[in-house]
Structure formats: C-alpha cells, structure tokens
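These notes concern the structure reproduced below.
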Amino acid sequence: MIPFTVNIKLAARTLTGPLNSHNKPAVDWGWQGLIAQGCHSSILIIDPKTAQTIQVLERHKANVVKVKWSRENYHHSLSSPYSLRLASADAAGKIIVWDVVSGMAHCEIQEHAKPIQDLDWLWNQDASRDLLLAVHPPNYIVLWNGDTGTKLWKKSYAENILSFSFDPFDPSNLALLTSEGIVFITDFSPSKAPGSAGKKVYIASPHSSPAHSKPAAVQPTGAKKALNKVKVLITNEKPTAEAVTLNDCLQLSYLPSKRNHMLLLYPREILILDLELSQTVGVVAIERSGVPFIQVIPCAQRDVLYCLHENGCITLRVCRSTTPLSEETDPEQSVQELVYDLRSQCDAIRVTKTVRPYRAVVCPVNENRAALVVSDGRIMLWELKNCVLDVNKCNSKISGLSPLYSPINFCGTPLSRNQKRIPDLSLNTMIGHTLISGVDPPWPTAGQQEVQLKFLLTGLLSGLPLPPFSLRMCPPLTTKNINHYQPLLAVGTSNGSVLVYNLTSGLLHKELSVHSCEVRGIEWVSLTSFLSFATSSPNNMGLVRNELQHVDLRTGRCFAFRGERGNDEPAIEMIKVSHLKQYLVVVFRDKPLELWDVRTGTLLREMAKNFPTVTALEWSPSHNLKSLKKKQMAAREAMARQTTLSDAEQSSIESSVIRSDHIQSSPEKSISIYSYFTLFIITDDHRSLGSMGSIACIAWKGDTLVLGDVDGNLNFWDLKARLSRGIPTHRGWVKKIRFAPGKGNQKLLVMYTDGAEVWDTKEVQMVSSIRVGRNMSYRILDIDWCTSDKVVLASDDGCVRVLEMAMKSASYRMDEQDLTDPVWCPYLLLPRAALTLKAFLLLQPWSGSYTMDIAQVCVYMISCFFFSKKSDIKSVLEDPELSLLQRCLLVSRLFGDESDLQFWTVAAHYIQSFSQARQLSVPASETQPPAEGSQSVPQGHLDICHDILCESSFFQVRKKVHISQSYVIHLRDVYGDVPLPLQTDRAVQLLLETNADNPSYYCDSLKACLVTTIPSSGPSQSTIKLVATNMIASGKLAEGVQLLCLIDKAVDACRYLQTYGEWNRAAWLAKVRLNPAEASDVLKRWAEHLCSSQVNQKSKAVLVLLSLGCFHKVGEMLHSMRYFDRAALFIEACLKYGVMELIGAAFADYARLLQSMGLREGAALWASRAGGAGEELLEELFQREATDLTPKEEEAGLGTIE
C-alpha cells in the first residue's frame, strides 16, 4: 500500500508584541483602506474592517521610525493600476519602498546613517506619482524618486528640521517645523530645489497669550482693544530665551478643511493660526485637571479635530457654527474666533510604565474611523456612529452646545423619498457642514435631524506580551486527525499566561492565565491539551515553588498535575512527554527525576536520591514494544560498548520497570541509557562523550540520534549503519535541537546562543543558517517546527516568526493567503480584475436591474464576499433609486480613489446646480454662467475644503467674515482686503488709530486720506492707476494691486497678478470682486495655465472648469487625457441632467475599454450610443459574437458540456 502523507500549508508570518520607542510615529492609514504599523524592524499591514494582520514586511535591520502609504490622487487604468505601495524608514537612515502585495522591496534608498525625521509622498500626482520627500538629519530635505531610488535634489537649512507639512491646497507651499521656529517655503517644486531659504518665523509662548484665559465675556470698545484680544503668535523677530517654547510644540499641520490655516499642538492647548493674518484665530485649551494632548488629526470633509490624549482617550471636537452678524453690530466689536466643541470621546486605557498610547490614525477616505496604537502592541479600532436624537429631548439645550444636524445629501445628491442610504458611510454623511453666518440658514431645513456622535469599539488586535517566551507546536498532522486538526502554537509568556495561536490565520485562539510566574516550558499531551511548568524566584535556601499545570483547551479547565507537590523544592529544569503521550518525565535541578502516567495523573516512580543529575534526555521514537527491543539491540551493537545492568528492579513494562544501561565510550567516559519505553538520558557524572564536551541536548528520530554540547559540536549517530560522525560548528553552546515532523523527514533544527541552523541528518550537512548581526537583528529565545518545512522562532524583540526552512524572511504574497475573514481591498486584485470590478459596480445599463452577482462577469474575483459582510452597501448598490452621480461617488469611496472622489464631488454639485439654474430659466451657458446668487441649490454650497472651487456668492460672504478680522488685526499685509465695498470706513478708522511712534504711522495716515478722497475725485483715478502700474513694474506688486482695486480696476489687478505668477491670488480676487463673466475669463486663463507643460496640473484645471459650468470642455479634456471611463460616465450624467451635448468618441473609446475587460454587453451598449463613432466597433462585436457561438453550437450538438 502506498503511504498517504499530508502536509498542511501554513503561511510564513510574524506574531508581533510590544513596540519599541522608535516605532512611536511609525503608523499610517492609507487611501487603500489598510493600516501600516512599524514593530521593531518589521512592518505590519492590518485590515481595519476585519481586524486581522494580512502581511508582515521584513527587510529593515534597524527599528522602523516612519511608514507612509502612497497617495491615490491619480486616474487609475491598466497603465496606472491600483497598487499597494508603502514607504518605510528606519533608525539607520534607510528608506524602503515596498510592493506590499508580493512582500518584496521595490527599491532601497540610503543617504545617511541617522534616523529619518519625516517622510511623505507628494500629493499632486499629475506629473509623477513616485515622488517622496524625506527629512534627513540634521537639516536636509531630499526629494527621491520612489520608483527608481534616484535622488532628484537636496536642500539644507540653518536649523535642525523636526517635521514638515504640505499645504493641501497649494503643492508649492511647504512648512518646516525646526528647532527654533517655522520655515515657510513657497517655491517648492519637484523639478528643482527651493531657491530661497524660506520665510523664517518664530513662535512666542502660547501660555502668555490672553486667548488662553479666553476673556470672551469682555467686549472691547475699539479696534485697538480688539487687537489686543488675541496675542499675535507669529513674529519675524527671534523671541527671548524665556519665551522660546518650541521644545513643547508636538506637531505642526495645515488644516485640510480651511485654506491658509495651520494648527500647532502643545501639551495643553491647540493653536489654530491664520497664515494670512499671522494670527491665532482659535485656541483649544485643556483645564488644569484635564489630560494633556499627544496628537491632533485635522479632517478635510468637516472642520473636525481628532485629539489623542495621554490616557489613550480620543476626543472629537467639531468647529462651532458662527452666529450671524447683525447690521447694528460693529464688526470690530465681534471678532470671529474659531471654537471647537467637544462632541464625543472614547474610553481611556489603563496607562502603566510599559503601556502608553503611541499614535492614532484616521481613515482618510471616510474620516469616521480611528485606530489607536498602544505601546504593548495593541491596536484599538474605533468607529464614529451618529444617533438621531428625539425631538422632545433637545440635547443641545442641555449641553449648551449648538446642535449638529444630519446632511440633506447622500453622496452629493439630495435623497429621494424611498431611497436607501448609509448614515455612517463617511463623516460628511453623518453631520452637515459647519454653518457660516450670512451663508447658511440659521435653522435646519426639511429632512435634517439633530444627531449625536458616539465612539464604538469595533475591533481589537492584541500583541504578544514582553519576552521571554517558550514555544511548543501541537502534535503534527496525520491521516487520523486530518478532519479535526488545527495548527495550534502554544506560547508561554513571562507573566504566566499561555497564548494559543492558530497559525492558519495568525489570530489568537485562546489566552489562558495558567501560572503566577514565568512559563519555562510546554509539552502537548493531545491536540486539545498540554502541560506547562513555571518556577518562582528562589528563596534564601535556593528553593522555589514549582507549578506544573494540565490545561484542556476545549473547556479551559486547568489543574495542578502534581497535586500538592511543588512548594519549596528545587526548580524543574525540563519536562518530556513520550511520543505516544502516555508518560511524562519531570527533571529537577538538584533532585532525582520523576516519572508520571499522563492519562491517570499518577506518579509511577521517583528516582533514588543518589540518582545522578540529568542534563539531557529524550524519549525513544519507537511506537511499539517490538520495535523498542530492536532499537535497544541496534543501539548496543552500533556502539559496541560494554553493557552493565543497573540495580533497578527488573519487571515487566506494565509494572513500570526502569532499566539503566551504562555504555562505555572511552576508558574514562560513559553515558547512560535509561529505558522506560527507552528513555535516553545524559547524567551529570557522565555528561561527556568521546571528543565532545559536556552534552547539553539530545534529539532522536528513527535510526538517527543527535547530540549537542556546550562547545558547539554536533554528533550524528546512525544506529542502523552503526556510524558516528562529529561536526564542530564553532558557534558555542547548542541550546536546543529538534527533529522536523513527518515520516522520513530527517531535517534537524539547532538553536545556538547567536542564532539557529537547519541540518539534513541524512547527508549530514547544513541547509540554512541565521546569525545575530549577519542576517538578523534579534536574538533567538526558543525554536520549534510548526510543519515539516517551516520553523517557528521566538526572539527577544517580542516577536514570534514562522519562517520557511531557509529562514530568510516572513514576507509573503497577500493574494495567496487563506484568511479567516475575506478582505475587501481592490488593490489586492490584478489590475485588469480591479478595473473590471469597478466598471461592473459603476454602471450596468445593459441589464434591467443592478446585481452583485459578479460571477457573471469574472469568476476569479473573490472580493465579492465583501458584499455578504456589508449588506447595507450591497442594498444601496442594488437600489434602482441610486443615481449615476451617487453611484460614482460611492464606488470611489469603496475603492479609496482620491482623484475620483474629488472629481465626482465637484462634478455632482455643479451638474445639479447648473441643471436647476437652467430649469429656472437662468442663463447657464458656458459663455455666460448664471448670475451669482441666482442659483437655487437645494443641497447647499460646496464644502469649504474645496476653497476656490466654491460658488462666488458663498466665497464672498465667507471672505467678508474673514476680512472683518483682518481689519481689526492687520490691514497692510493682505492683498485685496481694502477694496471690498462697504469696508472703507472701517479701514480709515483703523489706519487713523495707528500710534505715532509706529514706523508705519506716516504711510497709514496717507492711506487714510487716499481711501477717503477716492469716491469724490474722478480725475484722481488715472493718476492712481499710473502710480499702481509703476509700483508693480518696480516690484511692489501687493501695493499696486491694492491701488487698482481701490479704483475698481480689479480686472486689471487680476491680469497683473496672473502675469507675475500669482495665479491663486488672482483667482481669489476674481471670486471676491468681479462679476460672473469677468471672473469666468480670469479662471479660464488660470485653467489654461494649469494645463501647460510647465505646471502640468490638468486635474486641477478640470475642477476649475467644472466650477464654471464648462461641461463640454471638461468632457473633451477628460477624453484627450485618455480618462475614458471617467469621461463617458461624466457625459452620461450631464446628458441625464441636460447640461451638455453628446461626445460620441468618448463613448466609443469607453466601449473599447469595456471590451478589453471582457464586458461585451456593456461594450455593445456604449458603442450603440456613440453614434457614428461606435458603428465600426459595434460591427466588430457582432462578428466576434457570431464566431464565438458557432463552436459552442457544434459542441452542444456533440453533447460536450464544459
């Protein structure tokens, strides 16, 4: 009969434990939907939806200090597919860019040997999506090509750089947090290093700020008192030594929800800075009894702050809606200050010396989920939920806070009556935007409900405790246990607990608190039970308390195996269970060994007091008495030594007899074989053998016996061939040796003090080796085999690694894993499969209804399991009421596609806006957009985070609120603030109140005269225009533009600003001052500039054109950029809303794209709708279908069924 063998396939993986202090900032949540976390020199990839580790990356030799997912801010296609790219940096200065799916390093970068201070990918990816900016100590920023590892440029600065932050609104702006202040860079470019040293500003002490005491109730009486209300914190002068507090500054970050706003984090307060005003406009302070901050994460969808505190509590603070200004109120008396109200907080953790919160990360796609990383290796996954409040219970009145309301829209479109929705899909579907005075209605509109936010713990990943560890794998897989076998690994820990892991999934199966002190060893007695022992610290007599426990995994029952024994006796050195799991031998340090019956729990024999101390032992691998006798005879004959019987009592095996055979190896040295079902023992008085030193361990399998000594020698005995061979490894003490499981598998795992080796005992040669300092940075604590071809190692960095026999790396291909829960991540699919799935979910016009049966399209897409877990998303996608615009937005969120999400958000808003304007007979043509204020947009204005893309009416009112602050605080340094209508009186008042000792007193007085005389002096305008032109020509652009705006020459001012490269300022001024037609011309010139080869920001140009209603131009641009799917779906949406005409070529090219993916029905439909451009493709599809049907008919006729 041919033997049937089964080898269970386990993935190489790493079970991680506590983090190193260097790993504190090494965590990131990417647009791909996955979390990357550094743990010592490894990187964990975690799926937050299922709370499981799906990849571990190992190549760094030093501790990982930074990890950053690549951005997804580009259009995805077969040439630019969805891919999982991660950049990581370590304490030795090495940067590695990973292909996470394969677990391979794409490129490695090394500049210096010091820890990388900060690391981030460039967010503007139109030109290249491979650019990576890094801070190399002490004061260098280097731009790398993350694809090739090429250094593009390097720039040094005067101070040590701690971190940096990109401006999310302008890719040319960068802020560096240095040891002395902040350096603002305004000429950042991928093509060359910044030319200047940047603008250096210093930060005064926040604790000296009057805003810290928040005298909100005190109303100032004039502009000068209002100026003193908030301390100016940004200055160009270096503060005194007493005022320098940058050492307390924990974080610097731009606000993604507001342009030109930045936050500075201090332990006890958060400062919100307006960079235009160089002013603090908001302070979030903690009471004296409050818990200090560690980190703040600002959100983009809403003006919200996630704050992490030192007790592990995450608080959510939402910006308070501003109250409308009455006409009687003097704006000088009511400076608008940003106030962030505490809306929700999660539970704190128990903080100890070794357990502290490290970092929190927030999902960038939906911004309603957060993950907390704790120093002990735990990751706590919190999800923000909104609950609708009862109308009768007004929570806002009780708490004193302004109410939060749910938004009207779902995915950018107002909900229909019977339409399904997902209330907690993202932050902007949970709460409406912050109400702004003069823009939004003060009361909720129809359909809005007051909501309350709460944190819910949805997942927890636990790590291993602190080392040391002891490992033992459960008995191997056999044909008898194959139906119920689980590959369980028992890990004994230093705190007395035993963790049992299922190595198929890598998840914790059971955590059992078994002992009160460190676990020293574990032995399995069945597939569901094991024995473990622990020893307490010795007392004055050198005696300890021994704990030998029997644990049943099925019930969790645990009992003392030795009964009342164990108090005040020598420590247990080791325990060994026989191969048939019938008998147990317990070896003590200074006490004879004991023999126990495992099944009955009875002591069979305790050796005599004169029994020598045991240093090593092993059970015979024999499985029956007949083979046992053969093994004993073969051993005696092979060794050809003198044999003497011990004085032990001779009787049958059933009556528990022990026989001692002393085998003479040389005239001076001998070893002993005590046979109890043949137990091979090395005793203290006979611990040397031949040329070997003191024997430390034994392993016996089949006809092979291997001995290891303290000098690093291995002695291989072939009992059948009667041969012995000694191998000096020169690696020091052999700590442990174990044979691999499986019949005929003679591989041997050897553990040394400095590493481990795998040997082939048949050939007596080494297979693989690892050594500390050479190919690993950790020290091995324990070893074992988990399958016949994989080993498991416990190391002093707190990790347990399952490795291939070559012991190289624990990284593996993610798409080959058999995970416990299916993972929704399109980035794991092949490029064609991911794009086919996306096309399938976006639009199915060829069928009468939407379906999630993706097997009809592509059988190999295992990601369809996602929909069985997310029934709410499945029901929404199958809802026929879901519009095309909503579907595009929802799918872009599911895919984590940053570029798609931004495009469809702006497109959905303006398509509906211009469509409604057209229905109301308001001119909405591309040449003449609708008059500002005439559009009736039920879904409200575009969110503030889109800034310049917002409607001009909303933009103007919002800027008026902002400018009312600028007049009170600082007038001279802001472009275009003077020219706003109805602002001249306030400007003159502030200018005249300038102190006489102020250096600008004279200029301010002249400006006051100028502003006052302009309305009454017509001829002066030509003079002012001439002066303004001369000032601009002489380099004073700001002053010249202000003069032009004073005489209502804002169109000329915009043109000058664009000529001198101030495109953003020109767009801002056009939105604020010009009528719709004039502003449209300015913004169109800006779009043309963005499309130029020097700038190459076509994605931004498309958004600008969308805000102008130039939909036909947008469709043509998308088609010319070969964004066929986006172009076709955009044109289809515009046709449904009646705001543009058909572009047939875009439909035809999208049909060809669908054809290449195998979606023939969709290709045929789009080709039929493309008009003349799709006729050729349509004919080709029909011909191919006819040729494909012919062989199938023939096969059917022959009775062949595939």
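Taking region 514-530 as the range and being within 38 Å of the chain's Cα centre (by Cα) and in a loop (DSSP other than H, G, I, E, B) as the test, the residues that pass are VAL514, HIS515, SER516, CYS517, GLU518, LEU527, THR528. Of all the listed residues (LEU580, LEU503), the sole one being touching a residue at least 12 places away in the same chain (Cβ under 8 Å), touching a strand residue (DSSP E or B) at 6+ places or on another chain (Cβ under 8 Å), on the phi < 0 side of the Ramachandran plot and not aromatic (Phe, Trp, Tyr) is LEU503. How about region 575-604: which of its residues are within 14 Å of LEU679 (Cα to Cα) and either assigned to a strand (DSSP E or B) or in contact with a helix residue (DSSP H, G or I) (Cβ under 8 Å, 6 or more places away or on another chain) (or both)? Selection gives ILE575, LYS576, VAL577, TYR583, LEU584, VAL585, VAL586, VAL587, GLU594, LEU595, TRP596. Of all residues in region 340-388, those that are out of contact with any Phe, Trp or Tyr (no Cβ under 9 Å at 6 or more places or on another chain) and either under 22 Å from GLN452 (Cβ atoms) or among the β-branched types (Val, Ile, Thr) (or both) total 18. Of the residues LEU841, LEU835, LEU830, LEU793, the single one that is closer than 30 Å to ALA1164 by Cβ and surrounded by 22 or more Cβ atoms within 10 Å (Cβ to Cβ) is LEU835. Scan region 36-50 and give yes if some residue there is of a type in the set (Val, Ile, Thr) and at pLDDT below 90, otherwise no. Yes, because at least one residue in region 36-50 is of a type in the set (Val, Ile, Thr) and at pLDDT below 90.
Which residues, counting only those in region 84-99, are of a type in the set (Asp, Glu) and open to solvent by 10 Å² or more (accessible area, probe 1.4 Å)? Residue satisfying the conditions is ASP99 alone. Reported count of residues in region 100-127, each being under 15 Å from the mean Cα position of the chain (by Cα), open to solvent by 20 Å² or more (accessible area, probe 1.4 Å) and not acidic (Asp, Glu), is 0.
Scan region 983-1025 for residues that are in a loop (DSSP other than H, G, I, E, B), under 12 Å from LEU1046 (Cα atoms) and either at pLDDT 75 or above or open to solvent by 80 Å² or more (accessible area, probe 1.4 Å) (or both) and the total you get is 1. When ALA756, ALA699 are checked against the criterion of being buried (at least 17 other Cβ atoms within 10 Å of the Cβ) and touching a Phe, Trp or Tyr at 6+ places or on another chain (Cβ under 6 Å), ALA699 stands alone in meeting it. Within region 12-35, restricting attention to residues that are touching a Lys or Arg at 6+ places or on another chain (Cβ under 9 Å) and among the small types (Gly, Ala, Ser), the residue that is modelled with the lowest pLDDT is ALA12.
Considering region 497-529, the residues that are open to solvent by 30 Å² or more (accessible area, probe 1.4 Å) and of a type in the set (Gly, Ala, Ser) include one that is nearest to PRO475 (Cα to Cα), namely SER526. Quick one: PRO923 ticks every box in (1) open to solvent by less than 50 Å² (accessible area, probe 1.4 Å); (2) modelled with pLDDT under 50; (3) not hydrophobic (A, V, I, L, M, F, W, C) except a single one, so which number is it? Evaluating PRO923 over (1) open to solvent by less than 50 Å² (accessible area, probe 1.4 Å); (2) modelled with pLDDT under 50; (3) not hydrophobic (A, V, I, L, M, F, W, C) leaves (1) as the failure. Of the residues that make up region 427-448, is at least one in a loop (DSSP other than H, G, I, E, B), modelled with pLDDT of 75 or more and under 19 Å from LEU894 (Cβ atoms)? Checking region 427-448: not a single residue is in a loop (DSSP other than H, G, I, E, B), modelled with pLDDT of 75 or more and under 19 Å from LEU894 (Cβ atoms). Considered as a group, the residues in region 1160-1169 that are open to solvent by less than 40 Å² (accessible area, probe 1.4 Å) and closer than 14 Å to LEU1129 by Cβ include one that is modelled with the lowest pLDDT, and that residue is GLY1162.
Whenever a residue of region 469-483 is assigned to a loop (DSSP other than H, G, I, E, B), its partners that are of a type in the set (Gly, Ala, Ser), lying with C-beta atoms within less than 7 angstrom and at least six residues away or across chains, give the pairs PHE469/GLY492; PHE469/ALA794; PRO476/GLY742. The condition of being closer than 21 Å to CYS950 by Cβ and part of a helix (DSSP H, G or I) holds for ALA1067.
Pull up region 861-885, narrow it to residues that are modelled with pLDDT under 60 and not charged (D, E, K, R), then point me to the one that is surrounded by the fewest Cβ atoms within 10 Å (Cβ to Cβ). My answer is SER868.
Report yes if some residue within region 928-939 is modelled with pLDDT under 75, within 43 Å of the chain's Cα centre (by Cα) and under 22 Å from PHE169 (Cβ atoms); otherwise report no. No, region 928-939 has no match at all. Evaluation of SER777 against the conditions (1) in contact with a strand residue (DSSP E or B) (Cβ under 8 Å, 6 or more places away or on another chain); (2) farther than 30 Å from SER80 by Cβ; (3) in contact (Cβ under 8 Å) with a residue 40 or more places away in the chain shows that the sole unmet condition is (1). Within region 531-553, the set of residues being under 44 Å from the mean Cα position of the chain (by Cα), assigned to a loop (DSSP other than H, G, I, E, B) and either closer than 14 Å to CYS474 by Cα or at pLDDT below 90 (or both) comprises LEU553 only. Taking the conditions (1) touching a Gly at 6+ places or on another chain (Cβ under 6 Å); (2) open to solvent by 50 Å² or more (accessible area, probe 1.4 Å) in turn, LEU1069 satisfies each one other than (2).
The values are calculated or read from the model by the stated rules, or taken from the named source; none is laboratory data. No experiment lies behind these values; they were computed from the predicted model shown. So basically every Cβ, Gly included, is an ideal-geometry build from the backbone, and we count neighbours across all protein chains shown. For the accessible areas, the whole protein counts, side chains as well, though only heavy atoms, and no ligand, DNA or RNA atoms are used. Shrake-Rupley method; radii C 1.70, N 1.55, O 1.52, S 1.80 Å.
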